[in-house]
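Just dropping this structure here.
The values are calculated or read from the model by the stated rules, or taken from the named source; none is laboratory data. Note that this is a predicted model, so its numbers are computed, not measured. We place every Cβ from the backbone using ideal geometry, glycine too, and count neighbours over all the protein chains shown.
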């Protein structure tokens, strides 16, 4: 016999007849001898009758006393005669080539290889989101979506719904399925673990498909399933002393942590546990409501929130099951609230980790971790694999101090040999005491490995040193990370195909009226028509007095200052795809109902069929879109639209008058631009007044002779962060602010059209957005023949770096690391190849800085210009007011210094942004209005920075801030948190001080001032060197080379 198919069954009369129909289809194409062994677990319905009636298939029936699936499958294994055993289920429908594929893999790969096939939901089942979540997003049931296809995997994926195992492997064991488990959970995995130790490897073949006919519609039941899994993991760990943490949680470590928890919580209950239990019940009810909403109206927001809750509930339930069984086995006498509380805390704790490099670099698969429970002694002994070349010991993921008692190798003869240790991104304060409090990627290194090693032993006490991060922020960040992860998986797994609108494609004509003389009118029409030619023959610009037939006609009647060419193109493209009556444009990022313009007629394009646009009642029922499109020229004048149309309302999608809109993209033939230079898509999040955006524009300005540019922003901008659109004049003809043109659900279609329109030769991702990351796979599909250069990482720990573990991000063609630390992280933590990474620091406008120096304004003149007291020292914060920049930390320092009566200092704060209200509130609350100079915006930052005694940077994370480069180029000392590569340059030039996080900021600042003369002297000595290094010419040439490599790589 070649193949024995085994499935256990119990009371499945509802589906078995259909399952056998599927096996009949398999039988018709099967080339090998086989048997189907149905092992019944004392069914009480028609299950046995259905099996006995099957005469046309090689079915064997085994009748068992009630004992569970494991005993039933063991009984079948006793009589099975096949060379391979295929385990499946009584609700699993095999694909037609099922047996052939399993057996032929056995013939190809031999006696030590099992084959795992793929399991999908049966197509007849109406899927709810819970079922999609547990298999495709959270993967709590099956993890197929994350498995490497056609590769070897480990025992954790020994799924007995679709797996074949050589009989010789099974018979080599002293028992088959272990029947000591008392609940659902780990029978399959435990057998897989023993088989793996006996030499089995598992080959994942997704082409061998089976379909699961099972409906999960109860979140409570699946939570209970997870609790049982957690409990049985504890049982599993007792069976195998060598298990360690290969199954998510180290039970021994968890038990030790629970003992420490009990010492601190001797009371009868835990109030937090009661609250958490109540919160979880509320969360379960919420998922039921969301499931109903999804059935009525499928929205990605509902699915994202629902999966966010599911992920948290199921993960907690698993840890709760572990804690529950540990409490029972150890007689901890804990009530349920305490068990809940402990499970929750255990999930949140940081961990120690040991990595070892066996020649393939450091990765999560070659690592061992232990949860760190408060400030306690850790004793770790770990068996090491063969071929270890280097070891890293990370005391905690974040800020900490580590007091090392012992790190030693245990040799094969049982003797100990002390390890020779170094430190990476840390300092040794005293013998065996390591300070990791203000550095990234902190770890102890062991590079010298004895030949006859067996294990490593570590004893140390670690203290967490989290500063400037309150509990609320930590929880918010954690929840945000989970939500983003869920969204990323959900959105990137969706298929995308261009869906064109049914019927005739839309054609529009914009007729120009306007308060012009004939020559000016002709010039405006010609400029507009040339700009919109890229849209093809479906868009024309005409004289309103001589309009053509066959178009949907719109009128534009500017009075003082008409649109520039970038604005008319975006308006025309919007009208081409949206069936609306009018467009109302604001020439700045001011919010509705304010409109930035000289005259309302300058920004109003309306359907020619609207005979009387001055009638407010007509416009109140018309359908329009509000667009904020900053111009080449900065517009400061504003008008309240309610002055003209008091009844116009705007909804959350920025439509005016109604929600009833039709968005239609048709299959068009676009025009061709004058293709004299290759065109680059430049993709920032938005074009704010910030370092990233300024760097982008300076590079574009320098490379405009080599490239044309089309700038595409992705997110809706806020006025407080300013705009740099005006700097694109003479640099960039094409701008598309996508969030002003359309909504997220149409972005992929729009990007597809823009690609078809412009045929770019490269995409430069110079910043990023949540939407882009959530749709990386679809974007890569659209731009499959266009190289993507990613420059979206500005810190090694937070921000977009978090997405670099995902496979889709690793399909980009090149990566620009703005610091060497980021490059190291790309290579060591995310396994990006070095040859695809370019280190390019941010650029500064060295021409402007040299002009400032040559102008050589007196100190007194600059002080007078910015309202500074020339008799005092000046220290300033110069950055956007955002959470990342941490302006409140700067203000706290100012408050503490002023409380010490430092009359010789005047503090300055330059910047605006979303934290403005919080900043203003802090200033008012602490009476700093008369002692702190507040400047919302400075056009000439080098001029101001050059007059300062010191620049203060308090960011939580950065790459290398532009203001830091400007300060170094102007010879101004720097006082900064340790972010990005700031420390690298500040310490190299000795031009400032990096804040020591073990001391207060005021203590640090006093020390900084004590050495200010030395820092100033060194800063001046190196300013020309820094200016040359970060110059536009030098940095832009590096971008040109990177872009050229990416284009050359795509061509080959």
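Tell me whether the stretch 837-852 contains one or more residues that are under 27 Å from residue 1015 (Cβ atoms), over 40 Å from the mean Cα position of the chain (by Cα) and free of Cβ contacts under 8 Å to residues at least 40 places away in the same chain.
Yes, there is a match, as at least one residue in the stretch 837-852 is under 27 Å from residue 1015 (Cβ atoms), over 40 Å from the mean Cα position of the chain (by Cα) and free of Cβ contacts under 8 Å to residues at least 40 places away in the same chain.
Still on this structure: For the stretch 168-186, check the following and say yes or no: at least one residue is buried (at least 22 other Cβ atoms within 10 Å of the Cβ), at pLDDT below 90 and closer than 27 Å to residue 128 by Cβ.
yes
Can you tell which of 759, 706 is out of contact with any strand residue (DSSP E or B) (no Cβ under 9 Å at 6 or more places or on another chain), over 26 Å from residue 963 (Cβ atoms) and at pLDDT 90 or above?
One residue alone meets the criteria, 706.
Check 975, 1008 and return the single one that is part of a strand (DSSP E or B) and in contact with a strand residue (DSSP E or B) (Cβ under 6 Å, 6 or more places away or on another chain).
Numbers: 1008 fails: part of a strand (DSSP E or B).
Within the list 975, 1008, the selection yields 975.
So which of 573, 500 is on the phi < 0 side of the Ramachandran plot and either without any contact (Cβ under 8 Å) to a residue 12 or more places away in the chain or not in a helix (DSSP H, G or I) (or both)?
500
Of all residues in the stretch 634-651, which are within 17 Å of residue 560 (Cβ to Cβ) and surrounded by 12 or more Cβ atoms within 10 Å (Cβ to Cβ)? Spell out the reasoning first.
We begin by selecting, within the stretch 634-651, every residue within 17 Å of residue 560 (Cβ to Cβ); these are 634-639, 641, 643-644.
Residues satisfying the conditions are 634, 635, 637, 638, 639, 641, 644.
I need every pair where a residue in the stretch 1005-1024 that is over 11 Å from residue 990 (Cα atoms) has its Cβ under 8 Å from the Cβ of a residue that is in a helix (DSSP H, G or I), sequence separation at least 6 or different chains.
Matching pairs, first to second residue: 1005/893; 1005/897; 1008/1015; 1023/968; 1023/969; 1023/970.
For the stretch 421-444, indicate whether the set of residues that are at pLDDT 75 or above and farther than 27 Å from residue 256 by Cβ is non-empty.
We begin by selecting, within the stretch 421-444, every residue at pLDDT 75 or above; these are 421, 444.
Add one more test, that the residue is farther than 27 Å from residue 256 by Cβ, and what stays is none.
No, there is no match, as no residue in the stretch 421-444 is at pLDDT 75 or above and farther than 27 Å from residue 256 by Cβ.
Does residue 365 qualify as being in the same structural domain as residue 261 (by TED's automatic domain parsing), surrounded by fewer than 15 Cβ atoms within 10 Å (Cβ to Cβ), over 19 Å from residue 229 (Cα atoms) and modelled with pLDDT under 85?
Working: in the same structural domain as residue 261 (by TED's automatic domain parsing): no; surrounded by fewer than 15 Cβ atoms within 10 Å (Cβ to Cβ): yes; over 19 Å from residue 229 (Cα atoms): yes; modelled with pLDDT under 85: yes.
Considered against the rule, which asks whether it is in the same structural domain as residue 261 (by TED's automatic domain parsing), surrounded by fewer than 15 Cβ atoms within 10 Å (Cβ to Cβ), over 19 Å from residue 229 (Cα atoms) and modelled with pLDDT under 85, residue 365 comes out as no.
Give me the residue from the stretch 919-934 that is more than 37 Å from the chain's Cα centre (by Cα) and modelled with pLDDT of 90 or more and, out of that set, farthest from residue 865 (Cα to Cα).
926
How many residues are buried (at least 17 other Cβ atoms within 10 Å of the Cβ), part of a helix (DSSP H, G or I) and out of contact with any strand residue (DSSP E or B) (no Cβ under 8 Å at 6 or more places or on another chain) when one looks only at the stretch 133-163?
So the count comes out to 4.
Moving on. Tell me, please, whether a residue that is assigned to a loop (DSSP other than H, G, I, E, B) and under 29 Å from the mean Cα position of the chain (by Cα) can be found in the stretch 1037-1051.
Among the residues of the stretch 1037-1051, not one is assigned to a loop (DSSP other than H, G, I, E, B) and under 29 Å from the mean Cα position of the chain (by Cα), which makes the answer no.
Kindly evaluate residue 584 against the criterion of being in a helix (DSSP H, G or I) and touching a strand residue (DSSP E or B) at 6+ places or on another chain (Cβ under 9 Å).
So residue 584 does not fit the description; no.
To continue, here is another question. Within 25 Å of residue 686 (Cα to Cα), assigned to a strand (DSSP E or B) and in contact (Cβ under 8 Å) with a residue 12 or more places away in the chain: does that describe residue 634?
In short, no.
Is it fair to say residue 654 is surrounded by fewer than 20 Cβ atoms within 10 Å (Cβ to Cβ) and at positive phi?
So residue 654 fits the description; yes.
Sticking with this one: How many residues does the stretch 325-336 contain that are surrounded by fewer than 20 Cβ atoms within 10 Å (Cβ to Cβ) and either part of a helix (DSSP H, G or I) or free of Cβ contacts under 8 Å to residues at least 60 places away in the same chain (or both)?
5
Okay, next question. From 528, 556, 582, grab the single residue that is under 30 Å from residue 675 (Cβ atoms) and out of contact with any helix residue (DSSP H, G or I) (no Cβ under 6 Å at 6 or more places or on another chain).
One residue alone meets the criteria, 556.
Condition first: part of a strand (DSSP E or B) and over 21 Å from the mean Cα position of the chain (by Cα). Now tell me which residues in the stretch 745-765 satisfy that.
Passing the criteria: only 762.
Of all residues in the stretch 704-723, how many are in a strand (DSSP E or B) and within 25 Å of the chain's Cα centre (by Cα)?
3
Tally up the residues in the stretch 101-115 that are in a helix (DSSP H, G or I) and surrounded by 14 or more Cβ atoms within 10 Å (Cβ to Cβ), please.
7
Let me ask you something else. Please list, ordered by first then second residue, the pairs with beta carbon atoms under 9 Å, 6 or more apart or interchain, first in the stretch 540-564 and at positive phi, second in a loop (DSSP other than H, G, I, E, B).
Here the result reads 550/507, each pair linking the stretch 540-564 to a residue that is in a loop (DSSP other than H, G, I, E, B).
Within the stretch 344-360, can one find any residue that is over 12 Å from residue 453 (Cβ atoms), part of a loop (DSSP other than H, G, I, E, B), touching a strand residue (DSSP E or B) at 6+ places or on another chain (Cβ under 6 Å) and at pLDDT 65 or above? Quick ask: steps written out before the conclusion?
Narrowing the stretch 344-360 to residues over 12 Å from residue 453 (Cβ atoms): 344-355, 357-360.
Of the ones still in play, those that are also part of a loop (DSSP other than H, G, I, E, B) are 349-350, 358-360.
With touching a strand residue (DSSP E or B) at 6+ places or on another chain (Cβ under 6 Å) added as a condition, the list becomes 349.
Next, from what is left, pick out any that are at pLDDT 65 or above: 349.
For the stretch 344-360, residues over 12 Å from residue 453 (Cβ atoms), part of a loop (DSSP other than H, G, I, E, B), touching a strand residue (DSSP E or B) at 6+ places or on another chain (Cβ under 6 Å) and at pLDDT 65 or above: present.
Here's another thing I want to ask about it. Pick out, from the stretch 791-898, the helices (runs of 4 or more DSSP H) lying fully within it that include 1 or more residues that are under 25 Å from residue 934 (Cβ atoms). Steps first, answer last, please.
On the way: elements: 820-830, 846-855, 859-866.
Correct list: 846-855, 859-866.
Follow-up question, since we're still on this one. When only residues in the stretch 761-812 that are out of contact with any helix residue (DSSP H, G or I) (no Cβ under 8 Å at 6 or more places or on another chain) and closer than 18 Å to residue 711 by Cα count, which is surrounded by the most Cβ atoms within 10 Å (Cβ to Cβ)?
Per the stated criteria, the residue is 791.
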